[in-house]
Amino acid sequence: MKIVNAMRRVIGRADAFFCKLPIVFSFVWAVFVNLAIEMLSRHSVWKGITHIFNSPGVFIYNTLIVFAFSLLCLFFKRRFFALVMSTLPLLILGVVNCAVLFYRSTPLSATDFMKLSSVFGIFGLYLEGYVIALMVLAIVLIIAGLVMIYKNCRLNCREWLQGVFALPVMTVVIALLANVFLSSGVLSKRFTNLPDAYRDYGFIYCFSCSLFDTGISRPDDYSAEKVDTILDHIRAEEDLVPEDTPNIIFLQLESFFDVNKINNVEFSEDPTPFYNSLKEKYPHAFLTVPYVGAGTANVEFEIMTGMNLDFFGPGEYPYKTVLQNTACESMAFNLRQLGYTAHAVHNHKGLFYDRAHVFESLGYDTFTCLELMQDVEYNPIGWACDRVLTKAITDALDYTSGQDYIYAISVQPHGVYPTEPPENWTPTIDAVMLSDQTLVNENSLEYYISQLQETDAFVKELIETLERRDEKTVVVMYGDHLPYLELAPEELVNGSIYQTEYIIWSNYTLPNESDAVDLYSYELAASVLKRLNINNGLITKLHQNCSEHPDYLKYLEMLQYDMLYGYKNCYGYELAYEPTDIILGLEPPTVESVENREDGVWISGTGYTPFSVVDINGYKLETQFIDNNTLFVAECEAIYGDSISVRQMNGKRTTFVQSAVFIADETVDPPPYDNPDVIKPEITETVEENQEN
């Protein structure tokens, strides 16, 4: 009670002072709100304070943005409550950003809210139960605090005159100051590195840019003539006709890198012996990627399309923006022109980053995701083990008699890495820290390298399997980014946290054998295809023919804009690509027999997974997965004429693929009991409702 009374007194005094000098109080409030957000963003009180002195212009600019929000309170009678409410969203964003940075290196951006549906599916993999409970408690306390502020604020006259004058003036000041700071270099619209940009320009400015600055801005010199000039450069050579069209597999390995490149750490044995043995025999080099600890979808976007994400909005995920309704030139589309069948494979949920939909815009014929994979094992923190990909990849190779292009994405070494050993788990490899300066948590590192070890075993199994096949095959394997282990550049042999490695394996001698060179991720596909005498696609030709040109990156930006947002002059002002009719999974499930038993209905068939759901007469029923060929629905019966099928689903509302309908006939025995109380389970959703989603 004493605490409550003390809080009431504080609120009352603040309210009284605010009513006397609303403009001054609002500005002081904005200073402290901005300072609090920067402290949260940097995980440090001291770094937040030093930011004021290191970047005074940036701090003032962000404070003025908060100040503009706070001026809205002048239009309300309970001014202090309105002041809190007007700036509370900014504080909440600051807290969320602080929390996000505990789990990845990339700060919060507006596009994170566009992929909330994907995040909810892996919420439990990141947050333990007590953390979720604390979040709920914090929300309850915030609501209670707001109620207290509301009740203890006096009613005042609205300051219409001050508000109508001050808010437009502040808006103009912010706009003018932005132009001055952008022209002088204090601020920037181009974020080549998102974490650095947030540190240099402040959270509020950078988040605002991610909210309003999406897509590729129109280049100043964009014109049909300029695009034609670029086309003259890249069309110096016509499409090549390769002598061989081998199977091409891009193997994107989650958070994978050679941990032996960490300084001041020794391991009891090499966690990735097979991967490192390949480096001794096959071309390999460093690959510079745009992210650390996150951003898998954007790395694969750069590799699939050859496009540079630096030209898009800060923190943007094209999967969630332009690719939702625009087909994009890609490796899949280009190789399909040579007769390839394009497959995507990923041992995680198909709706994560909306891949099940977006891969149509990238030209894939099939997509096999976690919901469609059998015999999946999971690691101690809930990610699917990578060894399941071997069968998924070979099944894709067997799907057609012709050449195949496969983009396979692994997931097992994904974070967040536990700082305490998981229950019933012991490390297989010991890590010895040789310096007290190393920031990496030992338990996190040992857990991570145990997952690397298993992924390395998967790579070995896959390569040995491909060696036994009588088909020419090229495999390009690489890490999508470094793991989020708080590694600093100086702790790595190569001095960069943005470099992984790539290897080009083949079971035959490539037409253009040469040493590998260090590349950016958007250059990798074109470099590999050049070794195969393949140059289909304008972006591919640009990388292969103009990488040494002084205007190389300007050409790339111009082409990307023209293809996705401009007049499509490079394609003759026409849409060059249409989304494919992608097939989810290679074979749909089947229903071969239905049997009534005392405990319910037993369904037999093929292609079942824990994501299979039995559907009877258009109604989705609670289903138990028994094995790959058996499903069970409790307290249910099938009778003559019932339509029975099996759906592969993601959650409760999205069907990926459905079996052919099985019609119950005389061969389905009636229930072996006479119990009128046994009925079909409660209907949770109709097929029609599901199809709307």
Query raised in the report: Among the residues of region 436-450, is there at least one that is part of a loop (DSSP other than H, G, I, E, B), surrounded by fewer than 15 Cβ atoms within 10 Å (Cβ to Cβ) and of a type outside the set (D, E)?
Result: yes
Report task. May I ask you to verify whether I406 is assigned to a strand (DSSP E or B) and in the same structural domain as Q451 (by TED's automatic domain parsing)? Result -> yes
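Results for (1) over 26 Å from P242 (Cβ atoms); (2) in contact with a Gly (Cβ under 8 Å, 6 or more places away or on another chain); (3) surrounded by fewer than 19 Cβ atoms within 10 Å (Cβ to Cβ), shown as yes or no for each residue.
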{"residue": "G295", "(1), (2), (3)": "yes, no, no"}
{"residue": "M307", "(1), (2), (3)": "no, no, no"}
{"residue": "F333", "(1), (2), (3)": "no, yes, no"}
{"residue": "H348", "(1), (2), (3)": "yes, no, no"}
{"residue": "C369", "(1), (2), (3)": "yes, yes, no"}
{"residue": "D395", "(1), (2), (3)": "no, no, yes"}
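Residues that are under 20 Å from V493 (Cα atoms) and modelled with pLDDT under 95: list the strands (runs of 3 or more DSSP E) wholly contained in region 233-306 that include at least 3 such residues.
The qualifying strands (runs of 3 or more DSSP E) are 265-267.
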Report summary line: Listed by range, strands (runs of 3 or more DSSP E) wholly within region 584-627 having at least 3 residues that are more than 32 Å from the chain's Cα centre (by Cα) are 590-597, 600-606
Query raised in the report: Of the residues that make up region 357-368, is at least one closer than 22 Å to P588 by Cα, of a type in the set (A, V, I, L, M, F, W, C), part of a loop (DSSP other than H, G, I, E, B) and modelled with pLDDT of 95 or more?
Result: no
Query raised in the report: Any idea which residue in region 179-194 is modelled with the highest pLDDT, counting only those that are buried (at least 18 other Cβ atoms within 10 Å of the Cβ) and assigned to a helix (DSSP H, G or I)?
Result: F181
Report summary line: Residue hits (region 572-622; among the polar types (S, T, N, Q) and under 30 Å from L231 (Cβ atoms)) are T580
Query raised in the report: When you go through (1) of a type outside the set (F, W, Y); (2) in a helix (DSSP H, G or I); (3) modelled with pLDDT of 90 or more one by one for D221, which number turns out not to apply?
Result: (2)
Query raised in the report: If you go through region 312-333 one residue at a time, do you hit one that is modelled with pLDDT under 95, closer than 30 Å to N507 by Cα and touching an Asp or Glu at 6+ places or on another chain (Cβ under 9 Å)?
Result: no
Report summary line: Here the residues within region 498-513 that are surrounded by fewer than 20 Cβ atoms within 10 Å (Cβ to Cβ) and farther than 22 Å from Y405 by Cβ are Y498
Query raised in the report: Does D258 meet the test of being among the acidic types (D, E) and in contact with a Phe, Trp or Tyr (Cβ under 8 Å, 6 or more places away or on another chain)?
Result: yes
Query raised in the report: Could you give every pair whose Cβ atoms fall below 7 Å, whose first residue belongs to region 500-524 and is without any contact (Cβ under 8 Å) to a residue 60 or more places away in the chain, and whose second residue is of a type in the set (D, E, K, R), counting only separations of at least 6 or pairs across chains?
Result: N507/E467; N507/K472; L510/R531; N512/K530; N512/R531
Report task. Go through region 458-467 and count every residue that is closer than 15 Å to V411 by Cβ and surrounded by fewer than 23 Cβ atoms within 10 Å (Cβ to Cβ). Result -> 1
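The values are calculated or read from the model by the stated rules, or taken from the named source; none is laboratory data. Predicted model only: the values in this text are computed from it and were never measured. All Cβ positions, glycine included, derive from the backbone under ideal geometry; neighbour counts span all protein chains shown.
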